[in-house]
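Enquirer: Structure in structure tokens, see below.
Bear in mind that the values in this text are calculations on the coordinates, not laboratory data. Just so you know, these numbers come straight off a predicted model, no measurement behind them. Counting neighbours? That spans all protein chains shown, and the Cβs are built from the backbone with ideal geometry, glycine included.
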Amino acid sequence: MIANEVHLGKIVQNGRVLILAMDQGMEHGPSDFDKRNINPEYVCEIAAKGGFTGFAVQKGIAKHYKENYSGKVPLVLKLNGKTNIVPKDEAYSPPVASVKEAVELGADAIGYTIYVGSPMEAQMFREFGAIEREAHDFGLACVVWAYPRGKYVKDEKAGDVVAYAARVALELGADIVKVNYPGSVEAMKWVVASAGKCKVISAGGSKQPEAEFLQKVRDIMSAGAVGLAVGRNVWQHDEPLRMAKEIRKIVFGE
Ligand code: FBP
């Protein structure tokens, strides 16, 4: 079975993607959170009510908080992850869940991080290769977090490097590639061109003042991306549902 638009059905709505990401508990640790949003139920409620086309979490959150989001927002199950305690030089994100678990949890898509250019790249390519095949066999979409990283990568957000990572995601069979915004509309256009039929979404990044962040969202969309997978700029916001609405207006042209 080859992936096609049918498998993207719920994650892509009107050609647009807006995923709420909450895997930062694994990737960055509790320091990303405060007393409110450290409770996964708080963020699940934002995912459920915020008009998102996907909710990206690790399997522990997906399992323990199923009642808080299930049936209200499509699940994007992250199948690998790592902490930021380990040094970036040998960047590697090991598989921590299987496609079978994603299916059992009712996921519509799997999420997988690949550190393009890392000394561990070959291993991540091999592991993702098997996962991509199986996910597509089950009709799940594959969203790749394509992050240039490791001791050979001088600047993770340089336009040509981000474009290379996006192209790698296309070559590896991803349906959607999530990249870090390379800093300008021109650079992002080249990322989108490099990804071909693989749809490009941007990470949100660390929390910015609202107007600045919304301008970045406009720039991302004007470069031809189909949306975002955003975390901290929504659930760290004082009014997360209003922020989600502002982002939605831009992404969906509402
Ligand atoms: P944000 O919008 O909060 O930046 O989330 C996007 C994301 O890709 C998360 O899914 C992930 O946990 C994190 O950023 C990874 O960030 P880093 O660049 O530190 O690996």
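Enquirer: Residue farthest toward the positive end of the dipole of region 180-238, with Cβ of Lys/Arg at +1 and Asp/Glu at -1: which of H237, V185, P209?
Expert: V185
Enquirer: Picking from L77, G159, P119, whose Cα lies most toward the positive end of the charge dipole for region 65-167 (charges on Cβ: Lys, Arg +1; Asp, Glu -1)?
Expert: G159
Enquirer: Ok, one more. For region 110-203, just say rounded, prolate or oblate: build the C-alpha gyration tensor, square-root its eigenvalues into a ≥ b ≥ c, call rounded for a/c under 1.5, and beyond that prolate if a/b exceeds b/c, oblate if not. Before the final figure, lay out each step's value.
Expert: Details: a/c = 2.43, a/b = 1.33, b/c = 1.83.
The shape class here is oblate.
Enquirer: Can you give me the Cα centroid spacing of region 217-239 and region 88-149 in angstrom?
Expert: 23
Enquirer: Treating the Cα atoms of the chain as identical point scatterers in vacuum, please give the log10 of the normalised Debye intensity I(q)/I(0) at q = 0.08, 0.10 Å⁻¹, two decimals.
Expert: With no solvent term, the Cα-only Debye profile gives -0.26, -0.42.
Enquirer: Where both residues lie in the chain, what percent of DSSP beta bridges are antiparallel, nearest 5?
Expert: The antiparallel proportion sits near 5 percent.
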